[in-house]
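Everything on this sheet refers to the single structure shown next.
Nothing in this text is a laboratory measurement; each read-out follows from the coordinates by a stated rule. As the structure is a computational prediction, the values presented were derived from the model and not from experiment. In this analysis, Cβ positions are derived from the backbone assuming ideal geometry, glycine residues included, and neighbour counts consider all displayed protein chains.
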2 protein chains.
Amino acid sequence: MQALEQAVLEGNRRALARLITLVENEDTEGRAVLDVLFPHSGKAHLVGVTGASGAGKSTLVNSLVKEVLTRNPEKKVAVIAVDPTSPFSGGAVLGDRIRMREIAEAPQVFIRSMASRGALGGLARATQGVALVLDAAGFDLILIETVGAGQSEVEIASLAHSVLVVEAPGLGDDIQAAKAGILEIADILVLNKADRAGVEATEMALHTMLSLGYAMAEDDEKQWAPPILKTVATEGEGCMRLAGMLEEHAIYLHQSGEWEQRDEKRMQHLVQALFEQQRSRDWQQMLEKAKTREILRQVTRRELSPYRAVERL
Amino acid sequence: MQALEQAVLEGNRRALARLITLVENEDTEGRAVLDVLFPHSGKAHLVGVTGASGAGKSTLVNSLVKEVLTRNPEKKVAVIAVDPTSPFSGGAVLGDRIRMREIAEAPQVFIRSMASRGALGGLARATQGVALVLDAAGFDLILIETVGAGQSEVEIASLAHSVLVVEAPGLGDDIQAAKAGILEIADILVLNKADRAGVEATEMALHTMLSLGYAMAEDDEKQWAPPILKTVATEGEGCMRLAGMLEEHAIYLHQSGEWEQRDEKRMQHLVQALFEQQRSRDWQQMLEKAKTREILRQVTRRELSPYRAVERL
């Protein structure tokens, strides 16, 4: 085990892949790994990449990483591709991997797919664990790609230092992000597929919604106004500007003190997730007791109200 | 308070709206309301309606309810429209309400929007509470419309007796439901906007994915094979068949004993949600303690690993 950890700190990729699997499993060994590697973490720039299905996130990540490596060939970059799994999504995951094949061959790039069927909280927990390992292993930039939907927007904001929200024209009759509520967490808005019809309308709508959001968020006086960058990821267009903007955001975070704030928030979120995982195990243990099952049966028979049931438990 | 409850049981709509607000607030009064009304619940057919943004769920709900009332004018129908809220989604909620304006005028129809910024678990909890009140108030059919994304598919399956998953052609380069993983929970698949180009391809893809899902789900031998119904909700096309199919599913559930099973699962889920809410309050209380904050600071400084932090807490 110690040899494995040493190998990871020295940049051994196979050792890294094995450690990540241990951490994903969340068993005793995985916990031990995190305990040992944790003090080495805290240097990487964690970037969340989110947006609706069909916005071209994987292609954008591929082009962005190529651009980052062009600017600085020494940089070590990792990609965590998170997929809310279903028996059906095997194809989608495979498709994502194909879209990233260009960067997958670069020696300083490490790509990891995470497909967890568990609760969203569980996914965030495992993602944080994997990010910590990659951070400790010396990756400078870690991109976490998720399908931005439902509750995950809150989660990704607590996972990353910078959040890219990816939009594209014509994904539905509304702008997807507006309904899912992910615009608020964007540090950089990427309008991908900018060569498509309808891009002007989408851009205008994004501008309007952003300014509306700023008008409503009176309580926090942010100094960083999220820019809207147009890209055509399949051609790499706009990705140089995006790579530069990400660096600018990192500098802004450090100078403003927000980096530390987000780091603190991230750690608090992780500890809370682990705490709730423990509680959830408590619930599972309770479920196995005959008394709990009898109380639940009384609720189903409408003999006991749900609140009273919680009191009894 | 007792007068209010009596009024609700007698069908007073304003009293109903007030009680629902109390239940949504989840305060002492809301709990008391649920305790009193709970024994009167357990008769309604709860139907979840989910699917990607842009699939036309609200329009479908509007047309479906019209059809249900044509078949049986005595039926009392309620719609709970759940929206993962953002400062930006006011427009979307308003849009949904406009799409349902036809049924909103019918005296036997009650529509309630729920826009909660809280955690998804909180949303499910509140939705269950509201559904229980409507159930106790004598509504025969309760439609719960949610944006199907991320984790909510698991939640909606534990909220409803029947689940409609709504798809439409051309919502992205994948079928949205496949990525979000909601096909597995569909009792009835609705392919809306069936007059649009590409409907054949989408239908074929749905058939393929459904059969794939069945091949993989070897462990449970379901007798109900989810049908795929094509609709053009704006024209009401296919909605008569859909209304009939919903009735068929209710009959199937009763005859197979699945109705009771789902009801049991639903109650267990609600009690668990309330239990976890209690735990979450515990966490908030802990956060206020100086000792907890010091432990979290140690984690941020990488002096204490997250797992050790949970142990200390």
Query raised in the report: Order of B:Thr234, B:Thr300, B:Thr70 from fewest to most other C-beta atoms within 10 Å?
Result: B:Thr70, B:Thr234, B:Thr300
Query - Pseudo-label separations to other copies for B:Gly138 - Cα-to-Cβ vector, 7 Å, nm - result: 7.5
Report task. Please arrange A:His254, A:His269 by counting, for each residue, the other beta carbons lying within 10 Å of its beta carbon, fewest first. Result -> A:His254, A:His269
Query raised in the report: If we hang a label 7 Å off Cα along the beta carbon direction at B:Gln278, how far is it from the matching labels on the other copies, in nm, shortest first?
Result: 1.8
Requested in this report: Using only the alpha carbons of the stretch B:259-313, determine the length spanned along each of the three principal axes and report them from longest to shortest in whole angstroms.
Outcome: 52, 20, 14
Query raised in the report: Between A:Gly11 and the same site in the other copies, what are the distances in nm, shortest first, taking label points 7 Å from Cα along the C-beta direction?
Result: 7.8
Report task. Determine the alpha carbon to alpha carbon distance for each of B:Lys57/B:Lys230; A:Lys66/A:Lys193; A:Lys43/A:Lys265; B:Lys43/B:Lys265; A:Lys66/A:Lys265 and list only those over 21 Å. Result -> A:Lys66/A:Lys265
